[in-house]
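Here is the structure we will look at.
The values are calculated or read from the model by the stated rules, or taken from the named source; none is laboratory data. Every value quoted in this text rests on a predicted model; they were computed, and no experiment measured them. FYI the Cβ positions are ideal-geometry reconstructions off the backbone, even for glycines, and counts take in every protein chain you see. All accessible areas refer to the heavy atoms of the entire protein, side chains included, with ligands and DNA or RNA removed. Shrake-Rupley method; radii C 1.70, N 1.55, O 1.52, S 1.80 Å.
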Amino acid sequence: MRLIRLLVDDDELDAVTDTLDAESIDFVVTDEHDREASVVEFPLPVQAVDSVLDDLRDNGFDDGQYTVIANAESATTEHFDELEAQYVEGSEETDSVAHEEVRSKARSLLPDPRTYYAMTVLSVLVATAGLLLDSPAIVIGSMAIAPQVGATMTASVGTVVGDRKMIRDGTRSLAYGLFVAVVGAVVFGWLLRVTGFFP
């Protein structure tokens, strides 16, 4: 279950509340004193989030300024059982997850640059040692250290949801990671040769 919080300008409030009423969604509206806006909060089954947000967008709501989708443990509202019956068990049953949730999860898979490149160098050192020792087990073990899966997932999810920044961040991390890996392997191999560990 998800708890949705939207910051809605006063001129959009009627459209948002009408859309939620039409879907039989129980909501709470709280005035925002510092702005001419209100916070609208309502619980939804996970499967309903994407559909409801699409309906709100279709009715003119701009969800780009403040939209929070949070996990919720339980909800007791007048119509929540009907929503669960409709979206979880009924005619609109779906396994879909909101793009916002997918985007957030994919972004969290990409570590900060310092950790990403440090783990890349470490995995390259292990892989290079495995190649020089002719040990497939060590080479395969180096893949477990490599952090490139997060960058790949970020770029892939960005492509699917149409987020250019995610595509750019993921692709750039992969390209820089490849460069760091090649340079690291060359330098490590050269050092091993110079110091006499390997002929």
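Using a 1.4 angstrom probe with every protein chain in place, what is the largest-first accessible-area order of TYR116, TYR66?
My answer, sorted largest first, is TYR66, TYR116.
Pick the calculated Cα Rg over 2.2 N^0.38 Å for this structure from (1) 0.92; (2) 1.49; (3) 1.65?
Structure-derived value, by its label: (2).
Rg to Rh ratio, the range 28-71, alpha-carbon atoms and Kirkwood radius?
0.97
Quick check on the chain: helices-only [θ] at 222 nm, where DSSP H runs of length 4 and up contribute -39,500 (n - 2.57) each and the sum goes over total residues. Nearest 500, please.
The helix-only estimate for the chain comes to -18500 deg cm²/dmol at 222 nm.
Out of THR77, THR152, THR120, any idea which swings most in a Gaussian network model of the chain, alpha carbons joined below 10 Å?
Fluctuation is largest for THR77.
Which one, LEU122, LEU133, LEU20, has the greatest fluctuation when you compute a Gaussian network model over the chain with C-alpha springs under 10 angstrom?
Its mean-square fluctuation being the largest, the pick is LEU133.
For the chain, give the magnitude of the charge dipole about the Cα centre (Cβ charges: +1 Lys/Arg, -1 Asp/Glu; no others), in debye to the nearest 20.
Here the chain has a charge dipole of around 2920 debye.
May I ask you to derive the relative contact order of the chain, considering only C-alpha pairs under 8 Å and at least 6 residues apart, and to give it as an integer percent?
With pairs under 8 Å counted, the relative contact order is 17 percent.
Let me cross-check SER104: its accessible surface, 1.4 Å probe, with only protein heavy atoms counted, in Å² to the nearest 10?
Near enough 70 Å² of accessible area.
In nm, give the distance between the simple-model label positions of VAL102 and PHE179, each being 7 Å from the Cα along the Cα-to-Cβ direction.
It is 3.1 nm.
Which of GLY64, GLY177, GLY162 moves the most in a Gaussian network model of the chain with Cα springs under 10 Å?
Maximum fluctuation in the GNM of the chain, among the listed residues, is at GLY64.
Expressed as a whole number of Å, what is the distance separating the alpha-carbon centroids of the range 8-56 and the range 73-88?
So the separation of the two Cα centres works out to 16 Å.
Per residue, what volume in Å³ does the convex hull of the Cα atoms of the range 109-155 enclose?
Hull volume normalised by residue count: 57 Å³.
What does the extension gain come out to for ASP62 and LEU132, with contour length at 0.36 nm per residue minus their alpha carbon separation?
Gain in length upon complete extension: 19.5 nm.
Which angle between 0 and 90 degrees, to the nearest 10, do you get for helix 164-194 versus the longest principal axis of the chain when only C-alpha atoms count?
Roughly 20 degrees between the two axes.
Largest first, please: the extent of the C-alpha atoms of the range 113-199 along each principal axis, to the nearest Å.
51, 23, 16
Quick one: pull the percent of accessible area on the range 16-79 belonging to carbon and sulfur, 1.4 Å probe, ligands and nucleic acids left out. Numbers along the way, then the final one.
Numbers: 1380 of 3610 Å².
The value for the range 16-79 is 38 percent carbon and sulfur by accessible area.
Given R₀ = 22 Å, FRET efficiency for THR17-THR76 by Cβ-Cβ distance, to 0.05?
0.60
Where only protein heavy atoms count, and the probe is 1.4 Å, what is the accessible area per residue for the chain in Å²?
Counting only protein heavy atoms, the per-residue value for the chain is 60 Å².
For an R0 of 45 angstrom, estimate the FRET efficiency from the Cβ-Cβ distance between TRP190 and ARG164 and round to the nearest 0.05.
About 0.70, to the nearest 0.05.
When the accessible area of the range 117-197 is computed with all protein chains present and a 1.4 Å probe, what percentage of it is carbon and sulfur? Present the calculation step by step, with values, prior to reporting the outcome.
Numbers: 3710 of 4950 Å².
That share works out to 75 percent.
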